[in-house]
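Okay, structure first, notes after.
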Amino acid sequence: MGYNLITAPSYEKAKGKTLFLAGGITNCPDWQKTALACLDQKLWAYSPLLTVFNPRRENFPIGDPDASREQITWEYTRLRESDMIMFWFSRGSLNPIVLYELGMWGNSRVKDIYIGCDPGYERISDVHIQTELARPDINIKWSIPVLAGEIAEKVV
């Protein structure tokens, strides 16, 4: 595998550059699985130069009242630790937390961010306009393989 994977809620130590997969989880396709496969395809020949923080858990304990706080805290911590953030806005949800995270990290200009939108995402024009205003140097990608390829080029 061309990357080291850390999935919520693990606080395992990261190695090398770090990438956070920021995007919808609830009522969204498992786009993270696709992104990881694309990254692996691009980075497989290299020793793990990248640690990927994946917030999507295989089994989220929905009945646990403390699970949401644990998840949000993990995401907040790992976003702050990451060198790069991959934003993917998928169809199926408005992705309100991801919009918040894009506003926070996009306007901060302290991290490399990469942005992609599923062409069927309902608020695609909002993401496009906000990105154009805050980070005109960023070109939004319309597919996960293209977005992952751009990130992989940055890593190697």
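Below is a table of values for the structure above.
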{"read-out": "Index of the failed condition, PHE60 passing every other in (1) at pLDDT below 95; (2) closer than 16 Å to LEU19 by Cβ", "value": "(2)"}
{"read-out": "Members of segment 128-156 found to be over 13 Å from LEU43 (Cα atoms) and within 15 Å of the chain's Cα centre (by Cα), listed by number", "value": "ILE140, LYS141, TRP142, SER143, ILE144, VAL146, LEU147"}
{"read-out": "Test: residue in segment 108-124 that is among the small types (Gly, Ala, Ser), within 30 Å of TYR46 (Cβ to Cβ) and either touching a residue at least 24 places away in the same chain (Cβ under 8 Å) or surrounded by 17 or more Cβ atoms within 10 Å (Cβ to Cβ) (or both)", "value": "yes"}
{"read-out": "Scan of segment 46-57 for residues that are in a loop (DSSP other than H, G, I, E, B), over 13 Å from GLU153 (Cα atoms) and in contact with a Gly (Cβ under 7 Å, 6 or more places away or on another chain), ordered by number", "value": "PRO48"}
{"read-out": "Search result, residues across segment 28-55 that are under 16 Å from the mean Cα position of the chain (by Cα) and not hydrophobic (A, V, I, L, M, F, W, C)", "value": "PRO29, ASP30, GLN32, LYS33, THR34, ASP40, THR51, ASN54, PRO55"}
{"read-out": "Options LEU79, LEU49: the member that is of a type outside the set (Val, Ile, Thr), touching a strand residue (DSSP E or B) at 6+ places or on another chain (Cβ under 9 Å), surrounded by fewer than 20 Cβ atoms within 10 Å (Cβ to Cβ) and within 16 Å of TYR11 (Cα to Cα)", "value": "LEU79"}
{"read-out": "Cβ pairs under 6 Å, 6+ apart, first in segment 128-147 and under 21 Å from GLN32 (Cα atoms) and touching a residue at least 60 places away in the same chain (Cβ under 8 Å), second surrounded by 15 or more Cβ atoms within 10 Å (Cβ to Cβ) and basic (Lys, Arg)", "value": "LEU147/LYS141"}
{"read-out": "Count of residues meeting criterion [of a type outside the set (A, V, I, L, M) and part of a strand (DSSP E or B)] in segment 68-111", "value": "3"}
{"read-out": "Residues of segment 112-145 classified as out of contact with any helix residue (DSSP H, G or I) (no Cβ under 9 Å at 6 or more places or on another chain) and closer than 15 Å to ASN95 by Cα, total", "value": "6"}
{"read-out": "All positions within segment 90-105 that are buried (at least 16 other Cβ atoms within 10 Å of the Cβ) and under 23 Å from ILE6 (Cβ atoms)", "value": "SER90, ASN95, ILE97, VAL98, GLU101, LEU102, TRP105"}
{"read-out": "Near pairs, Cβ below 9 angstrom, 6+ apart or cross-chain, from segment 1-27 (assigned to a loop (DSSP other than H, G, I, E, B)) to any residue that is surrounded by 22 or more Cβ atoms within 10 Å (Cβ to Cβ) and charged (D, E, K, R)", "value": "ALA8/ARG78; TYR11/ARG78; ALA14/ARG78"}
{"read-out": "Residue check, ILE62 within 18 Å of GLU101 (Cβ to Cβ) and either touching a residue at least 12 places away in the same chain (Cβ under 8 Å) or assigned to a loop (DSSP other than H, G, I, E, B) (or both)", "value": "no"}
{"read-out": "Where THR73 falls short, out of the listed (1) surrounded by 12 or more Cβ atoms within 10 Å (Cβ to Cβ); (2) at pLDDT below 95", "value": "(2)"}
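The values are calculated or read from the model by the stated rules, or taken from the named source; none is laboratory data. This one's a predicted model, so the numbers in the text were calculated from it and none came from an experiment. Ideal geometry is used to build each Cβ from the backbone, glycine not excepted, and the neighbour counts take in all protein chains shown.
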